[in-house]
Amino acid sequence: MDNNLGLKLKARRKEKGLKLVDVSKLSGLHLGHISHIERGDRLPTGSTLKKLAKPLGFTEIELFKLAGLLSSEMGPCPTPSMLTAREVAVLLNVHINTVRRWGNRGILKAYRISSRGDRRFRREDIDNFLQESKIGGN
């Protein structure tokens, strides 16, 4: 996974002389959640980015751009970078439970986006999967 966002967040935190516990207290986010984001194990939601912006010295718009949620023209990206299991199932022309199973087995890279265990899939990962496996509704 491209961990560009996590690395930039970690670099900014260290640049400001903050420890994970400091960012956790300032943002109201769990320390482990922030650590997972920095390592690239989880992709942050919009609300998580909003909470991280101020402690790390970003504007919300800067952080949304870094995360790929906003284009450089300040509008929403034309295609969502994160897809639900249902959206992936439609793209791959398979049942939603197949997508979930592939995510659990590591066939498709899934990202936890909340403490409830909600999963999302990166559009780039799905496109690569389609190119590699030639699976789809053709």
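The values are calculated or read from the model by the stated rules, or taken from the named source; none is laboratory data. Just so you know, these numbers come straight off a predicted model, no measurement behind them. Ideal geometry is used to build each Cβ from the backbone, glycine not excepted, and the neighbour counts take in all protein chains shown.
Within segment 43-63, track down each residue that is β-branched (V, I, T) and in a helix (DSSP H, G or I).
Residues satisfying the conditions are T48, I61.
Filter segment 103-125 down to the residues that are of a type in the set (F, W, Y) and either within 9 Å of V88 (Cβ to Cβ) or exposed (fewer than 13 other Cβ atoms within 10 Å of the Cβ) (or both) and list them by number.
F121
What are the pairs, 6+ residues apart or on separate chains, where a residue within segment 25-42 that is not assigned by TED's automatic domain parsing to the domain that holds L9 and assigned to a helix (DSSP H, G or I) has its Cβ under 9 Å from a residue that is surrounded by 15 or more Cβ atoms within 10 Å (Cβ to Cβ) and of a type outside the set (D, E)?
none
Restricting attention to segment 3-24, and to residues there that are assigned to a loop (DSSP other than H, G, I, E, B) and free of Cβ contacts under 8 Å to residues at least 24 places away in the same chain, which single residue is nearest to R123 (Cα to Cα)?
Only one residue fits best here, namely K19.
Identify, please: which residue in segment 73-102 is surrounded by fewer than 16 Cβ atoms within 10 Å (Cβ to Cβ) and among the basic types (K, R) and is, among those, modelled with the highest pLDDT?
Here the answer is R101.
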